[in-house]
Amino acid sequence: MKLFSTNNKSNIVDLKEAVLHAYPEDKGLYMPAEINPLSEEFIKNIEQYHFTEIAYIMAQSLIGDYIPGKDLYRIVSQSINFPAPVHFLNQAISTLELFHGPSMAFKDYGARFMAELMSYFLKDENRPTTILVATSGDTGGAVASGFFNVDGIEVIILYPKGKVSPLQEKQLTTWGNNIQAIEVNGVFDDCQRLVKRAFLDGDLKSKFSFSSANSINIARLIPQSFYYAEAYKQIKSQAKKIAFAVPSGNFGNLTAGLLAHKLGIPIHHFIAATNINDTVPQYLQTGIYEPKASVPTISNAMDVGDPSNFVRMQSLFEGSSTWNNLKEVITGFTFDDGLTSNAIKTISKEYNYIADPHGAVGYLGAKAYLSNHPDTHICFLETAHPGKFSDVVETALNKKLALPEKLNVFLSKEKKSIPSNKDFESFKSLLLEM
Ligand SMILES: *Cc1c(COP(=O)(O)O)cnc(C)c1O
């Protein structure tokens with residue numbers, strides 16, 4: 001498998017390089033150089049395949065024989081091993097539940113597949129690899145769970161002190177063994193800055209062999225395309241035209257949907273649903289991409305003002321007018337916190353279903369599109385279990401939620417983290433002592 005950088009199409013690398021060194025020096029992002037469509041036969045008979053088989057066939061279509069079939073099957077079957085069920089609210093709207101993995105957010109798919117792929121590529125290395133990752137909440141928990149006890153890999157998670165929910169903090173700080181957490185006295189941007197500087201620092205590079213697990217890594221994107229096909233399989237007999245409403249922040253999830261579309265999964269349209277951090281819906285309206293500072297909302301995993309995957313979306317639809325090409329496939333909508341909170345209430349009242357604030361934004365996008373396209377079935381992505389955002393959901397519904405056992409177990413565990421100041425020298429000396 002060959003990949004190019006979005007900043008320079010002649011900068012071509014293989015998958016191992018793209019996965020282990022996620023960020024090209026020209027500061028673009030890696031994208032598959034060739035996307036071979038799936039066979040029509042497979043798509044026609046997709047109901048006959050189990051999710052793991054669908055994932056394997058799609059992985060093979062993208063990765064080719066770069067990884068031998070037997071190894072690729074093992075990588076897929078050990079990571080894509082929890083279901084992605086579609087729940088129908090009614091004839092016109094359904095939701096794809098992506099929260100049945102260990103950390104109960106869709107990021108489990110990307111993190112687990114990346115962990116398997118990295119340990120495959122590192123199996124002959126004798127030097128341990130250290131994964132540095134900055135998190136604003138959900139990524140850290142999924143990465144920790146994905147890499148826990150993986151041989152030859154040490155994980156260091158940086159998170160902003162007091163800026164993640166108490167449950168999210170427990171999901172980052174209670175692992176031990178090869179997972180360590182650093183509590184940075186600053187905000188998420190400080191954590192991200194420290195990680196980026198560490199990657200370039202000579203002293204640290206001679207002590208550690210660093211790699212990155214954040215969402216720019218193509219290994220997180222590839223597996224996210226699989227569940228669009230799994231959803232299509234479940235909806236196919238109920239609807240002629242199927243669209244997906246994707247609650248979006250950094251736009252990795254939506255880009256993965258576009259990959260599934262390029263692979264030939266019959267997806268009629270995409271709805272990019274955001275909170276008031278609406279850089280991409282604005283672009284779809286005006287043709288002008290204008291990044292902004294992010295604004296805090298109740299769907300906080302989508303508080304991104306300059307989504308990094310936007311350049312990947314563009315690269316998939318390059319042409320005489322990239323803007324027109326993108327508008328043909330994607331419609332953008334933006335919703336504020338009041339509407340989101342109301343949507344949680346409505347979904348509960350009308351369909352007896354509890355959505356998390358991110359899924360609720362997706363639902364609003366589905367409703368908005370449906371009003372002009374009544375012949376389309378729309379599936380919105382439920383990106384996290386509502387229990388992960390229980391304070392917001394409990395306020396909207398005015399009742400207590402029972403926390404699922406998978407999340408509950410974290411609450412009684414003991415937090416272990418190393419405090420750090422936000423200046424690079426403090427952080428560096430801390431790493432050198434580790
Ligand atoms: C990360 C996240 C999102 C945003 O996904 P992107 O791929 O960044 O657009 C949405 N919902 C939840 C719950 C998340 O954790």
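The values are calculated or read from the model by the stated rules, or taken from the named source; none is laboratory data. Worth saying up front: this structure is predicted, and the values here are computed from it rather than measured. Neighbour counts run over all protein chains shown; Cβ positions are idealised from the backbone, glycine included.
Taking the numbered list (1) at pLDDT below 95; (2) within 20 Å of residue 199 (Cα to Cα) in turn, residue 144 passes all entries but (1).
The set of residues from region 1-15 being modelled with pLDDT under 95 and among the basic types (Lys, Arg) comprises just one member, 9.
Can you find a residue that is in contact with a Lys or Arg (Cβ under 6 Å, 6 or more places away or on another chain), free of Cβ contacts under 8 Å to residues at least 60 places away in the same chain and either within 13 Å of the ligand (Cβ to nearest atom) or aromatic (Phe, Trp, Tyr) (or both) anywhere in region 131-148? Within region 131-148, one or more residues are in contact with a Lys or Arg (Cβ under 6 Å, 6 or more places away or on another chain), free of Cβ contacts under 8 Å to residues at least 60 places away in the same chain and either within 13 Å of the ligand (Cβ to nearest atom) or aromatic (Phe, Trp, Tyr) (or both). Taking first residues from region 219-236 that are acidic (Asp, Glu) and partners that are outside any helix (DSSP H, G or I), the Cβ contacts under 6 Å between residues at least 6 apart in sequence or on separate chains come to 230/84.
Among the residues of region 374-405, those identified as more than 12 Å from the ligand (Cβ to nearest atom), buried (at least 18 other Cβ atoms within 10 Å of the Cβ) and within 28 Å of residue 268 (Cβ to Cβ) are 376, 377, 378, 379. No other residue among 137, 110 is at pLDDT 95 or above and within 17 Å of the chain's Cα centre (by Cα) apart from 110. Scanning region 55-75 finds no residues that are of a type in the set (Phe, Trp, Tyr), under 30 Å from residue 403 (Cα atoms) and at pLDDT 95 or above.
The set of residues from region 410-434 being closer than 17 Å to residue 140 by Cα and part of a helix (DSSP H, G or I) comprises 410, 411. The listed residues are 43, 54, 67, and the only one of them that is surrounded by fewer than 19 Cβ atoms within 10 Å (Cβ to Cβ) and hydrophobic (A, V, I, L, M, F, W, C) turns out to be 43.
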